[in-house]
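Have a look at the structure that comes next, please.
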Amino acid sequence: MVRLEFFVVAESFSIDQLTNRVSIFNILETIQAPAFPLVLPQLMAVSLWEDDERDTERQYQVDIRITLGDTELEHIQQNLKFPRPRLRTIAQILNLKIPGSGRMKIELKLNGEHKAWHYVDVNQAPN
């Protein structure tokens, strides 16, 4: 059975070449936009999965859907195959256009089944 260890959305990340450890920078919780529409230059969705069955032949589909209210801003699909028991996935979204304020929802699904949400409040910055 595949289990989600963590899911986080941030502006950037780094992977240490010697240790393979990931560092996540500027976790997104709130965005203060000077004006709308806002173009977010980069958004990274990082997750860590563990497969207890150790079945390297099974494949999975990960869906990441970003919405603001009823408006879909982005939809990304990734195919997973576990070469080892733990697998890190990173989805990079470039130039995400955010049309207005509200609560942005980033949903993570595995084979169509909801696994996690990450919310980002998007507000107009005061003048």
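Binned at 5 Å from 0, what are the whole-percent values of the Cα-Cα distance distribution for the chain, short to long?
P(r) for the chain, in whole percents per bin: 2, 10, 20, 21, 18, 13, 8, 5, 2, 1, 0, 0.
Moving on. Please give the per residue volume of the convex hull enclosing the alpha carbon atoms of region 1-61, rounded to a whole number of Å³.
Details: hull volume 8.3 nm³, N = 61.
So the per-residue Cα hull volume is 137 Å³.
Could you give the length gained on full extension between Arg84 and Met1, defined as 0.36 nm per residue of separation minus the Cα-Cα distance, in nm?
Working: separation 83, 0.36 × 83 = 29.88 nm, distance 1.36 nm.
Taking Arg84 through Met1 to full extension adds about 28.5 nm, to one decimal.
How many angstrom lie between the C-alpha centres of region 24-50 and region 82-113?
10 Å
If you don't mind, there's one more thing I want to ask. What Kirkwood hydrodynamic radius do you get for region 52-111 when you take the inverse of the mean 1/r over all pairs of distinct Cα atoms, in Å? Let's see the in-between values first.
On the way: mean 1/r = 0.0751 Å⁻¹.
Result for region 52-111, one decimal place: 13.3 Å.
Under a crude label model (7 Å from the Cα following the beta-carbon direction), how far is Ser14 from Gln42 in nanometres?
According to this spin-label approximation, the distance is 1.2 nm.
Bear in mind that the values in this text are calculations on the coordinates, not laboratory data. These numbers were taken from a predicted model, which means no experiment stands behind them. Because the Cβ atoms are built from the backbone with ideal geometry, glycine has one as well, and the counts that use them run over all protein chains shown.
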